[in-house]
Amino acid sequence: MIYEDGRQTRDFTFVRDVARANLFVMEKEEANYHVFNVGTGRATSVAAFARLLARLYGRPEIEPSLPGEFRPLDLRHLITDTTKLSALGFVPEYTLEQGLQEYVSWIATQRHPKEYFEEAMRYLKKIGVVRPVRNRQ
């Protein structure tokens with residue numbers, strides 16, 4: 001399921017790169033008292049992300065579902081400006097596909113992930129984090 005129309009973009013960053021970036025700046029004296037954005041600096045549409053994930057699961061025929069719902073205050077495009085972190089010499093190691101492959105491998109070790117996702121969706125709707133889209137004319 002994808003909120004909005006799937007053309008919104010994100011800078012998907014693998015968690016190991018985020019952890020590496022945190023350790024990286026902790027070891028750099030010139031990073032003290034500064035704030036850094038961690039990411040790849042690359043935009044990927046949510047629909048493209050979903051299609052890649054389906055392919056990695058061996059299900060490329062699955063098309064993302066667009067139920068006409070949105071999350072209030074969600075940004076249309078969210079791309080990380082990594083200029084400061086890159087200037088210190090940090091480079092992410094994982095591509096989007098590599099990170100997703102690691103995720104697919106990890107999730108396979110978890111028991112019944114579908115149950116968790118369905119329970120999470122019910123809760124998000126209950127507390128109003130996910131809402132139906134109304135006609136915007």
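Each reported figure results from applying straightforward, stated rules to the coordinates on display, with no laboratory input. None of these values were measured; they are calculated from a predicted model. Cβ coordinates were reconstructed from backbone atoms using ideal geometry, including for glycine residues, and neighbour counts include every protein chain displayed.
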Exercise for review: Using the charge dipole of the chain (Lys, Arg: +1 at Cβ; Asp, Glu: -1 at Cβ; taken about the Cα centre), state which of Asn37, Tyr123, Trp106 has its Cα farthest towards the positive end.
Suggested key: Tyr123
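Using just the helices of the chain, give the 222 nm mean residue ellipticity in deg cm²/dmol: DSSP H runs with n ≥ 4 each add -39,500 (n - 2.57), and the total is spread over all residues, rounded to 500. Walk me through the intermediate numbers first.
Details: 5 runs with 54 residues, N = 137.
So the calculated ellipticity at 222 nm is -12000 deg cm²/dmol.
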Review point. Using θ = phi - 60° and the Karplus form 6.51 cos²θ - 1.76 cosθ + 1.60, what ³J(HN,Hα) does each residue of region 90-103 get, whole Hz, x for Gly and Pro?
Key: 7, 10, x, 9, 9, 7, 4, 5, 5, x, 5, 4, 4, 4
Review point. If amide H atoms are built 1.01 Å from N in the plane of the peptide, which residues on other chains or at least 5 residues away come under 5 Å of the amide H of Gly41?
Key: Thr80
Study note, to complete from the structure: Averaging 1/r across every pair of distinct alpha carbons in region 9-132 and inverting yields a Kirkwood hydrodynamic radius, in angstrom, of 16.9
Revision key, fill the gap. Karplus-derived 3J(HN,Hα) from phi for region 16-22 (6.51 cos²θ - 1.76 cosθ + 1.60, θ = phi - 60°), whole Hz, x at Gly and Pro, runs 5, 5, 5, 4, 4, 5, 4
